[in-house]
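Comments concern the structure below.
Coordinate-derived values only; no laboratory data. Quick caveat: nothing in here was measured; it's all calculated off a predicted structure. Cβ: placed from backbone, ideal geometry, glycine included. Neighbour counts: every protein chain shown.
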Amino acid sequence: MSGVSGMLEGRRASRGRLITLEGIEGAGKSTVAVALREALESRGIEVCLTREPGGTPLAERVRALVLGHGEEPLAPQAELLLMFAARRIHVDNLIRPALERGQWVLCDRFTDATRAYQGGGRGMPADFIETLAGAVHPDVNPDLTLLLDLPVALGLSRAAGRRGVPDRFESEDVAFFERVRARYLELGRAQARFAVIDASRPLATVTADAVAALGRVLQA
Ligand code: T5A
């Protein structure tokens, strides 16, 4: 077996990596995720690109429930539980099987979004969120998290440029998104798996930094 094909065989045989993208609305996560997929595929790595809430047909139905303006109030705790219900479906039916096949999973938002939105934004207790995370995905956690950080006003103006009717989260006020951003930055400072990227710069620069950050997991 040649060196390159031997490396590829080794990669297929081993568990894949989970890379998550995080940040407030309009940070550029979906755009950067596509560039990361191309960068990984150019190295011979099979990639599964997905998102939360959602990622499988059933989890996408939960997404519609939690993002839509329903006819009844949705308490913060119910919202939190729906996020983890969607995540459990996504982890069981898509993320874990992909990792076990040796694919690398690029996920547009994961549990850090719950920590930031339901924890920071809605004020749900951090220890309750960690209990749920430990129960729902004890064996599946990000190897690398790219936090695309930018001022709230800039993120919201970018998001407004491409959206239709605002969903339940997009309808929140600026103070909500300031709390979300602050919690994301706290997480980014506290944990080594984070790469915090200044997403207020031109897209090509942001993308180059995100691809460079892959070096941490490509060498591991
Ligand atoms: N949620 C989610 C929770 O509350 N808890 C949870 O646990 C989870 C998982 C999901 C919502 O659910 C909440 C958070 C969210 O409110 P979503 O639609 O999946 O909603 O996520 P959004 O963040 O709303 O998606 P966006 O599309 O708004 O943000 P992105 O993906 O960060 O931004 P993107 O790539 O679509 O870019 C937006 C626009 O900006 C441009 C792009 O071309 C695009 O037009 N752009 C740039 N322009 C200039 N310079 C740059 N550097 C640019 N980067 C992007």
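Worth pointing out:
- Sparsely packed trypsin sites (Lys or Arg not before Pro) within the stretch 120-220, loop by DSSP, other Cβ within 10 Å at most 11: Arg162
- Ratio of Rg to Rh over the stretch 101-202 (Cα coordinates, Kirkwood Rh, two decimals): 0.98
- Residues Val174, Val206, ranked from the fewest to the most other C-beta atoms within 10 Å, line up as Val174, Val206.
- Crossing angle, helix 3-13 versus the chain [Cα axis fit, 0-90 degrees, rounded to tens]: 40
- Convex hull (Cα only) mean projected area of the stretch 3-218, reported in nm² to one decimal: 11.8
- Against the chain, whose longest principal axis comes from its Cα atoms, helix 76-90 is set at around 20 degrees.
- Global form of the stretch 7-121, assessed from the alpha-carbon gyration tensor, a/c cut-off 1.5: prolate
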